[in-house]
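Undergrad: First the structure, which I've put down as structure tokens, then a few questions once you've had a look.
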Amino acid sequence: MLYLNMNFNNLKKYNIMEKTVPQKTQPSKEWQELNKEFENLCKEQDKLYKQDFEKVFKALCEIDSKQQEIYNTNDWNMGINLPDEADIPKIQQALKQTGFSNDEAFCKDFIRYANVVIEGKKNMQKRVILNLNEEMERYEKEHKKETQPDEWQFKHISIIAPQELHPIIEDMQENNAKAGKGLFENKTDIEFEDEEIDKLLMIDAFGLKCSFVPFLDELKRYEVAGKFLNNLFLKTLFQALNKEATFIKDNTDKPAKVKNHITDTLKFFDKMPIWGLFFQILILQGLCRWLEGININEDDNGYNEAQSLYTWLCGQLIKKEINFCFVPYGNEDKEILKPLSRYLYSTEIGQIVQNNLFPKQQPQANDYNTNTLPTELQTDKAKQLFQKAIKAGIITQENNLYKWNFGQYTGQLLAYFCQRASHYLDLSKRLDKNGNKTVSWKVFEKAFNVKNIISYKNNWLKCNTKFTPNGFKEIEKLFDI
């Protein structure tokens, strides 16, 4: 039962991921020492083991269910915090319950055996972490000079297993893909809201008058509708969207109930292998686009409630798109997914996910001239403004350029900052058709190494917030100089 030197079938469960990554031929000295220690623990475990230990472990788990997680080697324990040593009082209680408490030698051997199991599991955790760190170092070393492509990327995953096990793992992954298990499992872990509080929160509902037509047009433009989603799948998607939109419209005074209804729909698609995640992403994206089309302004009744739901939807969408990046799709799958990937890459949420998972490397001074800050931003007034933004944690400075903190501040706020800074620093003398000074977007695109910043402004205008995006007051503080 409780053996550390797991059999061949168990090894298949714990060594996962993509076949194409070459295996390191020589493990590190630290890994070899840990492996030798592990082998010695296995030998000691064999010598100590007695069949009656099974009875004590069973009693121990009945006394405290957490002991099952610590001592059960049939499940992987990488994610749990293991104790430094066995819980002696609980073990003594189990020994007494099973009638072995008076056998001093048996008790001594069992306690040592329990500690060997814990030491062995800690050893395995350390070796897996070493493997992961070494693989990441190797990968980063190989790719550090590469320019990040301007397209959707999936997270690199490596095998941590001897080469001879790769075919077995590949077969297991194929079966998991068909069944929606393992790395292909799609699980919605949103906690349900307390609906009882709804009646205490809302007084008036907000009006919802908008359409899914713009969203459908987007899907057609990026060939998600047609090339990626056939008519049957497209109908399934918009049936789900229509159901959610109707429910939101009828329950705008019940925000918790609305979120729970959406959560139920997402959990329904958890049951669908592979495609369930695509539907979840498009449902959340569709609802976001739908809310963006509401004819409601910041000072209107119901704006805060609509914005709250929109923010929640964006948060769930980010989680789903991160999951999308970590599924080990094959090359043929990625080719099929291109319409969806291109579409997600065009969205603000998609850019946030990609920029955080795959931060673009700044060009090296020897190879490019783009790491030189634009002269317009080298004035004392500009430096003072940017230093204030750095102190506020809104931007950082790397390789003489600036980097926007997309983790905390949206692309819409970046556009707002650039617009305000352009006027504040008087960077443009040109006037638009209304007689207002234009914004020097190119200066800031070079400074932040971000393309098409004006598209973020277009996003906030689509939300009908007119002159300012949500959260603009944090940016406005920078100009109180």
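FYI, it's all coordinate maths here, none of it is from the lab. Just so we're clear, the structure is a prediction, and the values are computed from it rather than from any experiment. Cβ atoms come from the backbone with ideal geometry, glycine included; neighbour counts cover every protein chain shown.
Undergrad: If we sort 113-125, 31-43 on the protection proxy, mean other Cβ atoms within 10 Å, highest first, what's the order?
TA: Ranked by mean Cβ neighbours within 10 Å, highest first: 113-125, 31-43.
Undergrad: While we're on this one: Could you work out the local net charge near Phe233, counting Lys and Arg as +1, Asp and Glu as -1, over the other residues with Cβ closer than 15 Å to its Cβ? Could you put the intermediate results ahead of the total?
TA: Working: positive: Lys220, Lys227, Lys235; negative: Glu223.
Neighbour charge sum, excluding Phe233 itself: +2.
Undergrad: Count the net charge of all other residues whose Cβ sits under 12 Å from the Cβ of Leu317, scoring Lys and Arg as +1 and Asp and Glu as -1. Could you put the intermediate results ahead of the total?
TA: On the way: positive: Arg289, Lys319, Lys320; negative: Glu321, Glu348.
It works out to a net charge of +1.
Undergrad: Could you check the spin-label model distance between Asn304 and Phe192? Points 7 Å from the Cα along Cα→Cβ, value in nm.
TA: Computed distance between label sites Asn304 and Phe192 equals 2.8 nm.
Undergrad: For labels at Asn436 and Gln68 in the simple 7 Å Cα→Cβ model, what's the distance in nm?
TA: Between Asn436 and Gln68, the simple spin-label model gives 6.3 nm.
Undergrad: Count the net charge of all other residues whose Cβ sits under 12 Å from the Cβ of Pro83, scoring Lys and Arg as +1 and Asp and Glu as -1.
TA: Values: positive: Lys66, Lys90, Lys121, Lys122; negative: Asp64, Glu69, Asp84, Glu85, Asp87, Glu119.
Net charge around Pro83: -2.
Undergrad: Mind ranking 398-410, 81-93 by how tightly packed they are, going by the mean number of other C-beta atoms within 10 angstrom, highest first?
TA: On the way: 398-410: 16.8, 81-93: 13.5.
The densest-packed peptide leads the list: 398-410, 81-93.
Undergrad: Quick one: of Lys90/Lys122; Lys121/Lys271; Lys391/Lys451; Lys121/Lys267; Lys220/Lys320, which pairs are farther than 29 Å apart, Cα to Cα? Intermediate results must be reported in sequence, preceding the final value.
TA: Details: Lys90/Lys122 21 Å; Lys121/Lys271 32 Å; Lys391/Lys451 24 Å; Lys121/Lys267 33 Å; Lys220/Lys320 22 Å.
Check vs 29 Å cut-off fails for Lys121/Lys271; Lys121/Lys267.
Undergrad: What is the extension gain from Ile318 to Lys36, computed as 0.36 nm multiplied by their sequence separation minus the C-alpha to C-alpha distance, in nm to one decimal? Walk me through the numbers before you get to the answer.
TA: Working: separation 282, 0.36 × 282 = 101.52 nm, distance 4.27 nm.
Here the segment from Ile318 to Lys36 would lengthen by 97.3 nm.
Undergrad: Going by average Cβ density within 10 Å per residue, which order do the peptides 288-294, 54-60, 386-392 take, highest to lowest? Working shown, then result.
TA: On the way: 288-294: 20.7, 54-60: 19.0, 386-392: 15.3.
Per-residue mean Cβ counts within 10 Å order the peptides as 288-294, 54-60, 386-392.
Undergrad: Whole angstrom only: what separates the Cα centroid of the stretch 265-283 from the Cα centroid of the stretch 387-409?
TA: 36
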